[in-house]
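A quick write-up on the structure given underneath.
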Amino acid sequence: MNLVDITQDGAGIASKGDPAIDGFITGLVETCSVYVFHGALRYAMVHDTGQLALSGICEIAAMCGHAVEVFYAINPELLSKEAEKAHRERRTRLCNLVKPKGSVRKLEIPDGNLVSLKDGRFLLRDREILAGESAMSEIPHREVRKDINLLNNLFSRKNSQSLPVDFQFSLDHYTPIPPLLKSEAQMDAIAREKLAQGDGHYASALEIARRTGLFEYSR
């Protein structure tokens, strides 16, 4: 099977009739929720941290066409009650906007990895994924893309639910790397403020970004 890799805060859409692509795969799902949309001709996957703008997710769902079926996957081993409640509230709002054909199906992925196939089947455990002898299509500059999304998420206002979806794969190709949403100076100001409050996580993340040359990709 040839699977397209989707990272955190990312999404992809493919045609059910494309013989070159069998489905999507995403991993490291801990406190996130993964959405899968199936339409008449297309299907899509969104790896949602809870910070993505619902309007962006709705746009992805609409691209799948009419008669959309909606699935969501969570990791029951790591999802806290607080995070589960937040995702449930977002899911209700999302479904009111998407208006799926039927009920929304829940999937549990205790290993934190999910494969969504174009024929509507799902692989929910690592042993099923490994048994499928899957070949994963590697995202160009995968680690850079992932780090940019993590930085955008960290330096956005908490619970703003306003991040743009990183539309990573569009039908038959990977899209360009997304930009950083804040300048280095803006992030530095936030990191200093957080550090004064006793939270050094922002300063550490910013230092790593500088050391790895992440800002060079967003200029």
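Quick notes
- Within-12-Å neighbourhood charge of PHE155 [Cβ basis; K, R +1; D, E -1]: +1
- Here the accessible area of the range 79-219 is 51 percent carbon and sulfur, with a 1.4 angstrom probe and all protein chains present.
- Compared with the alpha-carbon gap, the fully stretched path from LEU97 to LYS182 is longer by 27.7 nm at 0.36 nm per residue.
- Across HIS66, HIS173, HIS47, HIS201, the residue with the most accessible area heads the list, and the full order at a 1.4 Å probe is HIS66, HIS201, HIS173, HIS47.
- Put the Cα centre of the range 182-219 next to the Cα centre of the range 63-97 and the gap is 31 Å.
- Prolate/oblate/rounded call for the range 55-176, Cα gyration tensor, a/c under 1.5 rounded: rounded
- Accessible area expressed per residue, the range 60-110, with surrounding protein chains retained (probe 1.4 Å, Å²): 60 Å²
- Per residue Cα convex hull volume in Å³ - calculated over the range 128-219: 150 Å³
- The value of relative contact order for the range 31-78, using C-alpha pairs under 8 Å at least six residues apart, is 51 percent.
- Temperature 20 °C, viscosity 1.002 mPa s: under these conditions the Stokes-Einstein estimate for the range 1-95, based on its Kirkwood radius over C-alpha pairs, is 157 µm² per second.
- Shape of the range 92-132, Cα gyration tensor, a/c cut at 1.5: prolate
- When only Cα pairs below 8 angstrom with a gap of at least 6 residues are kept, the range 147-219 shows a relative contact order of 34 percent.
- Column: log10 I(q)/I(0), Debye, Cα scatterers of the chain, q = 0.08, 0.11, 0.14 Å⁻¹: -0.29, -0.54, -0.87
The values are calculated or read from the model by the stated rules, or taken from the named source; none is laboratory data. These figures come from a predicted structure and were not determined experimentally. Neighbour counts are summed over all protein chains in view; Cβ atoms, including those assigned to glycine, are modelled from backbone coordinates with ideal geometry. Accessible surface is based on the protein model in full, side chains and every heavy atom, while ligands, DNA and RNA are left aside. Shrake-Rupley method; radii C 1.70, N 1.55, O 1.52, S 1.80 Å.
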